[in-house]
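Structure first, then comments.
Each value in this text was obtained by applying a stated rule to the coordinates, not by laboratory testing. As the structure is a prediction and not an experimental result, all values here were calculated from the model. Please note: Cβ atoms are built from the backbone with ideal geometry, for glycine as well, and neighbour counts cover all protein chains shown.
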Protein chains: 2
Amino acid sequence: MIKWKKKYKHFNGETRFGSHYSKSTLTEMNFSCYMPNNEKVVNCLIYLSGLTCTEENVITKAGIQRFLSGTNTMLICPDTSPRNLNILGVNDDYDFGEGASFYVNATENEYAKNYKMEDYIVKDLIELCKKEFNIIKFSLFGHSMGGHGALTLGLKNKCIFTSLSAFSPIVNPILSPWGQKALRGYLGEDKERWLTSDATELIKNNYRSNHSILIDQGLGDEFLDEQLLTNNFIEACKEKGQRCNTRFHKNFDHSYYFISTFIKDHIDFHISCME
Amino acid sequence: MIKWKKKYKHFNGETRFGSHYSKSTLTEMNFSCYMPNNEKVVNCLIYLSGLTCTEENVITKAGIQRFLSGTNTMLICPDTSPRNLNILGVNDDYDFGEGASFYVNATENEYAKNYKMEDYIVKDLIELCKKEFNIIKFSLFGHSMGGHGALTLGLKNKCIFTSLSAFSPIVNPILSPWGQKALRGYLGEDKERWLTSDATELIKNNYRSNHSILIDQGLGDEFLDEQLLTNNFIEACKEKGQRCNTRFHKNFDHSYYFISTFIKDHIDFHISCME
C-alpha cells in the first residue's frame, strides 16, 4: 500500500514521491518514481543512490524522465536507508548509518533489526512494483554506493534483474575505506561474510549478469583511486568471462553533472535489454 | 574579474559556479553558468530565477546544458539578490529581501544602497559577459519572479536583449500580493513609480520586444489566479500589437518539473532568434 506524498505532471507522465511499509526493514520506506503516460508500462528501472542521498537527488538532478516519457518503462528510486530510527550515532557519519546503508542485510548490533536493505530492494520493492504497477521485467542501476548496490544485488539475482549498469560504482568495497567501514559495521569482523557484498568478489565466484554490464567512470573523480577501484572489477570480469563495457571519461568527476551527461545511454541500454 | 568556486565537466562543456564584484550592488554577486566547448561562443542566455532560489536551482534542475552543449550560446544564471547584508529583517520573509529582489533598483530605506538589481543585470552582468566571454548577443528568460524580471528588463532594454521568454511569470505585479509587497518595500508607497516594473503596464505604455514573447504556464499552478495574472499580459499584448506566444499546459504546476519539460523549446527559440 503506497502513501503518495506528491505528484508532479512531468513530460507526458508524472514524477511522484511516496512511501510504503517494508516487511524487511520494519519501517516506512520513502521512494520517488516516474510513471510514463502509457497504458502498457511493464518494465521497471530501479536506481540506487549514493552516500548522503535521499530518494530526491536523482529524480531532480539526473534528467532521466525526458527519456522514459512515453515508453513502457517506469523508474523507481528508493531511499538509501531506513530513517528516523533511534539508533545511537546513526547520524554521526556521512558514510555509515542513515543515508549510507550500502544495501546489505545488517547483522550487527542495533542495525540488525531494521537495516535489511538487500531484502528490502530484492523482495519488498520488487513485490511493490509487481502488485501496484503490474511490472514484469526489472533492471537495476545506481551511483557510487548505489552502483555497488546495483552490481552486488544484480549479480546475486540475475533471475530478477535483466540488465545492470552503474555510474562511478564502488566495485571492490572489501578493499576500500568506505566499504570496509560499512561492511565491518553492518556485517561484523568476519571478512568471509563481506565477500557476497563485493561485486569484484562475486564475479570471481562466478556470479553473472545476463547482459554486458555498462559502467561509466570519470577520470577526474576524486574517489577513483582510493574508494572505487574500478580496474579490479574489470580484471575480474576479463578473467571470468563476464562482458563489461566500462567507459572512462576524461575530466568528469563524481557528481550528478557527470551522471546527467551519460544518463541517456543507460536508459537506452536497459530499455533495449528489457525489450 | 571572476572568482571561480567550482567547475564541472558537463556534456561537451563546463557547468561553473563563480562570483564577481558588482558596482551596482556594491557586493560580491554569485552566479552559475554553462560554457559550451566551442571556440565561437558569441551568444548568451541570461536566466533569472524565482523567489527563494539561488544561482544553483536552475543549473542543477532544469536540464538546460544538454541543449547548449556544442552550440555557440552560453548560459549565465545570477543569484536572486545580494547576500549577507546586515539589513534588519532581510531574511524574515521568503518573498522579500534576500532571495527576493524582484530585479528592481530599490530606493527605500536600507535596501536603497545595495538592492540595485535592475542595474546589476542590465549593466554589470552584461559587461561581465562582454569582457570575460566576448559575448555579442544576449537573450533573457526566467521563472516566476524571474519571469517578471525577464519581461520587465527585457522590454525596457530591447537594444540589449534579442528575445524574451518566461515560465510562469508574475506579469502584473502591481495587482498581485507578492508584487505589491515587493514594490512597496523596494520602491515606496507612490504607485506611479511601480509602473515601470510591471510587464503588463510596460506593454500598455508601448514598450516592445523585437520578437514574439514565449510564455509557458501550467494550468495546475497554484499561483496562477492570485499572483501571476497571465491573462492581463495577454490582453495588453493583443491590444498593443506585441506578438506573444502563451502556451497553457493542463495539470502542470509551478515547479522545475514543469520547467524541465518545456526547457528545450525555450533554448531553441532563443538560439533561433539570436542566429
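Brief remarks on what is shown
- Considering the range A:66-86, the residues that are among the hydrophobic types (A, V, I, L, M, F, W, C) and not in a loop (DSSP other than H, G, I, E, B) include one that is nearest to the other protein chains (Cβ to nearest Cβ), namely A:F67.
- Failed item, numbered, when A:G63 is tested on (1) within 14 Å of chain B (Cβ to nearest Cβ); (2) free of Cβ contacts under 8 Å to residues at least 24 places away in the same chain; (3) in a loop (DSSP other than H, G, I, E, B): (2)
- Screening the range A:224-244 for residues that are more than 15 Å from A:G147 (Cα to Cα) and out of contact with any helix residue (DSSP H, G or I) (no Cβ under 7 Å at 6 or more places or on another chain) and picking the one that is farthest from the other protein chains (Cβ to nearest Cβ) gives A:G241.
- In the range A:209-221, the residues that are closer than 16 Å to A:I267 by Cβ form Cβ pairs under 6 Å with partners that are hydroxyl-bearing (S, T, Y), at six or more places apart or across chains, as follows: A:H211/A:S163; A:L214/A:S165; A:I215/A:T246.
For (1) over 21 Å from B:E226 (Cα atoms); (2) touching a helix residue (DSSP H, G or I) at 6+ places or on another chain (Cβ under 9 Å), each residue gets a yes or a no:
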{"position": "B:L85", "(1), (2)": "yes, yes"}
{"position": "B:F102", "(1), (2)": "no, yes"}
{"position": "B:K113", "(1), (2)": "yes, no"}
{"position": "B:G146", "(1), (2)": "no, yes"}
{"position": "B:S163", "(1), (2)": "yes, yes"}
{"position": "B:S168", "(1), (2)": "no, yes"}
{"position": "B:W178", "(1), (2)": "no, yes"}
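- Cross-chain or 6+ apart pairs with Cβ under 9 Å, the range B:33-56 first and in a strand (DSSP E or B), then acidic (D, E): B:C33/B:E14; B:C33/B:E55; B:Y34/B:E14; B:M35/B:E14; B:P36/B:E14; B:N43/B:E275
- Top-ranked residue of the range A:23-60 - restricted to ones that are more than 14 Å from chain B (Cβ to nearest Cβ) and within 23 Å of B:E56 (Cα to Cα), ranked as nearest to the chain's Cα centre (by Cα): A:S49
- Candidate set: the range A:63-88, residues that are of a type in the set (A, V, I, L, M, F, W, C) and closer than 20 Å to A:A100 by Cα; chosen: the one surrounded by the most Cβ atoms within 10 Å (Cβ to Cβ): A:C77
- Residue ID - farthest from the other protein chains (Cβ to nearest Cβ), chosen from residues in the range A:245-275 that are within 20 Å of A:I59 (Cβ to Cβ) and outside any helix (DSSP H, G or I): A:H254
- For the range B:11-24, a residue qualifies if it is surrounded by fewer than 22 Cβ atoms within 10 Å (Cβ to Cβ) and touching a residue at least 60 places away in the same chain (Cβ under 8 Å), and the qualifying residues are B:H20, B:K23, B:S24.
- Filter result (buried (at least 16 other Cβ atoms within 10 Å of the Cβ) and farther than 20 Å from B:R247 by Cα) within the range B:196-227: B:T196, B:S197, B:D198, B:E201, B:L202, B:K204, B:Y207
- Looking only at the range A:1-22, and only at residues there that are at the interface with another protein chain (Cβ under 10 Å from one of its Cβ atoms) and among the aromatic types (F, W, Y), the one that is nearest to A:S81 (Cα to Cα): A:Y8
- A:R184 free of Cβ contacts under 8 Å to residues at least 24 places away in the same chain and of a type outside the set (V, I, T): yes
- Of the residues making up the range B:115-144, those that are in contact (Cβ under 8 Å) with a residue 24 or more places away in the chain and charged (D, E, K, R) are B:K116, B:E118, B:D119, B:K123, B:D124, B:E132, B:K137.
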